[in-house]
Amino acid sequence: MIYKVTTTRKPTHTGIDAPRTAAYHTSSPNSPSLSTDSVTVQRIHNFSAGPAVLPEPVLSAAREHLLSLGETGIGILEHSHRGDTFGEVLSSAETRIRRLANIPDDVAVLFLQGGASLQFAMVPANLRPANTIADYIISGTWSLKAMEAAQSDGAVHVASSSQDSVFRSLPGPPQCSDSPAYLHYTSNNTIAGTQFSTPPNPPRGVPLVCDASSDIFSRPIDLNAHDLVYAGAQKNLGPAGLTLVMIRRTLLDTAVDSLPAINRYITHANAGSLYNTPPVFSIFVTNLVLEWLEEQGGLSAIAERNRTQASRLYERIDASRVLSGRADISARSLMNVVFSAGSQSADDRFVEHCHRAGLVGLRGHRSVGGLRASLYNAQPDAAVDRLLEVIDAFEAEQAE
Ligand SMILES: Cc1ncc(COP(=O)(O)O)c(C=O)c1O
């Protein structure tokens with residue numbers, strides 16, 4: 001079903017609190033004027049694994065601020081990253097992250113680029129001294145990729161793995177090497193549809209590193225239990241282009257001297273994430289998403305909504321005569337519900353049903369096939385309602 005969004009309102013959410021000083025007044029007859037005409041767009045429900053659905057009020061606000069951020073007369077894409085206006089956006093985003101996730105003072109918040117994939121390389125380059133080993137928990141494709149990146153120029157050890165179950169389950173407790181530089185895990189496995197409910201326990205004194213790309217801020221996160229958490233923004237935080245890194249300050253400056261400045265965490269921490277031009281627009285939109293998240297009641301409230309949505313869908317799949325879930329029940333992800341209609345052709349028919357109903361992004365990752373419904377923070381309940389209706393209709397058709 002296609003639904004319409006009409007906006008006539010003037011921009012209100014800038015994501016920063018203070019009103020901006022107008023560079024020129026839009027109502028002056030001699031100045032360029034900005035259109036605030038109403039615009040009607042057609043939107044459908046997006047279950048894509050990322051880039052993914054974002055909150056509609058955020059998209060509307062972002063669109064308005066393309067022309068003029070607040071009353072500055074300059075759009076967000078045109079503001080200098082060194083100017084006061086963007087400075088307020090950046091500091092507002094950091095304040096919100098600290099407030100939402102209760103980040104302790106001894107953890108630095110960095111706004112980087114290069115996606116989670118660059119972190120696959122930056123983590124070992126910064127945290128693994130020469131001739132030491134980095135330990136990895138292998139729970140899916142992305143943790144394998146993280147380990148492969150670390151393996152390209154140093155030693156790694158598989159502390160535990162669920163590859164034998166084709167990642168349908170989660171690995172058992174880690175069996176670490178002697179004095180590893182760190183233990184790395186992936187909190188939510190976007191492709192396999194599994195998720196750790198609590199962080200693994202590293203041996204005493206061993207830093208715990210988490211790739212939280214597909215469940216960041218979908219639930220409360222304990223930064224006291226972690227030493228480095230990174231996430232590409234494009235699922236739960238905002239647009240692609242931004243990578244959030246939260247790192248204990250004692251680990252900022254542990255890289256070998258030969259590592260180029262741009263690849264060192266300390267460089268970005270010392271420069272307040274402005275060592276080079278940051279992804280200005282992604283940070284701006286992320287700040288709006290964080291504001292929206294606060295309005296929803298914060299991480300506990302959003303976790304409750306995510307749990308309810310996922311439970312409704314899993315319950316329906318479990319009760320279905322034609323659909324089946326992929327992951328072990330105890331390992332199921334609340335973010336990525338991976339399932340199948342039993343065969344490639346049945347999956348194709350299901351996707352066809354979804355398209356006719358205005359639901360997109362439900363194909364499973366190409367490496368595993370099947371179906372996947374991603375239920376990130378911004379997924380509206382109406383999308384899940386609609387998907388459940390499609391399942392009913394699909395099942396009825398199969399029974400004919
Ligand atoms: C858990 C996880 N880690 C890493 C990545 C790779 O992220 P990027 O494309 O930002 O490098 C993804 C992408 O989907 C992911 O889901």
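The values are calculated or read from the model by the stated rules, or taken from the named source; none is laboratory data. In this text the structure is predicted, and so the values were computed from the model without any measurement. Virtual Cβ from ideal backbone geometry, glycine too; neighbours counted across all protein chains shown.
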Across the stretch 46-82, the tally of residues that are at negative phi and assigned to a loop (DSSP other than H, G, I, E, B) stands at 18
Within the stretch 238-258, track down each residue that is under 17 Å from residue 119 (Cα atoms), part of a loop (DSSP other than H, G, I, E, B) and within 16 Å of the ligand (Cβ to nearest atom). 240, 241, 242
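Residues checked against (1) touching a helix residue (DSSP H, G or I) at 6+ places or on another chain (Cβ under 7 Å); (2) in a helix (DSSP H, G or I); (3) closer than 19 Å to residue 235 by Cβ:
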site: 283; (1), (2), (3): yes, yes, yes
site: 292; (1), (2), (3): yes, yes, yes
site: 321; (1), (2), (3): yes, no, no
site: 334; (1), (2), (3): yes, no, yes
Restricting to the stretch 224-244, what's the tally of residues that are surrounded by fewer than 21 Cβ atoms within 10 Å (Cβ to Cβ) and not polar (S, T, N, Q)? 4
Does residue 344 qualify as being over 17 Å from residue 318 (Cα atoms) and under 24 Å from the mean Cα position of the chain (by Cα)? no
Kindly check whether there is at least one residue in the stretch 207-217 that is in contact (Cβ under 8 Å) with a residue 40 or more places away in the chain, touching a helix residue (DSSP H, G or I) at 6+ places or on another chain (Cβ under 8 Å) and on the phi > 0 side of the Ramachandran plot. yes
Can you say whether residue 191 is over 23 Å from residue 55 (Cβ atoms), within 11 Å of the ligand (Cβ to nearest atom) and touching a residue at least 12 places away in the same chain (Cβ under 8 Å), as far as the supplied structure shows? yes
Against the condition more than 15 Å from the ligand (Cβ to nearest atom) and either at pLDDT below 95 or over 18 Å from residue 150 (Cα atoms) (or both), how does residue 200 come out, does it pass? yes
Considering the stretch 141-164 alone, what residues qualify as being within 20 Å of residue 369 (Cα to Cα) and out of contact with any helix residue (DSSP H, G or I) (no Cβ under 9 Å at 6 or more places or on another chain)? 141, 143, 164
If a residue must be under 22 Å from residue 303 (Cα atoms) and in contact with a His (Cβ under 6 Å, 6 or more places away or on another chain), how many such residues does the stretch 323-376 contain? 0
Quick one: is residue 307 surrounded by 14 or more Cβ atoms within 10 Å (Cβ to Cβ), over 17 Å from the mean Cα position of the chain (by Cα) and in contact (Cβ under 8 Å) with a residue 24 or more places away in the chain? no
Which of the following residues is within 17 Å of residue 247 (Cβ to Cβ) and away from the ligand (no atom under 16 Å from the Cβ): 155, 181, 116? 181
Counting only residues in the stretch 256-278 that are of a type in the set (A, V, I, L, M) and at pLDDT 95 or above, the one nearest to residue 131 (Cα to Cα) is identified as 259
Tell me whether the stretch 87-106 contains one or more residues that are in contact with a His (Cβ under 7 Å, 6 or more places away or on another chain) and either at pLDDT below 95 or assigned by TED's automatic domain parsing to the domain that holds residue 242 (or both). no
In this structure, is residue 341 away from the ligand (no atom under 16 Å from the Cβ) and without any contact (Cβ under 8 Å) to a residue 12 or more places away in the chain? no
Selection from the stretch 151-169 of residues buried (at least 21 other Cβ atoms within 10 Å of the Cβ) and more than 26 Å from residue 51 (Cβ to Cβ) yields 156, 159, 162
Looking at (1) under 25 Å from residue 79 (Cα atoms); (2) free of Cβ contacts under 8 Å to residues at least 24 places away in the same chain, which is the one condition that is false for residue 229? (1)
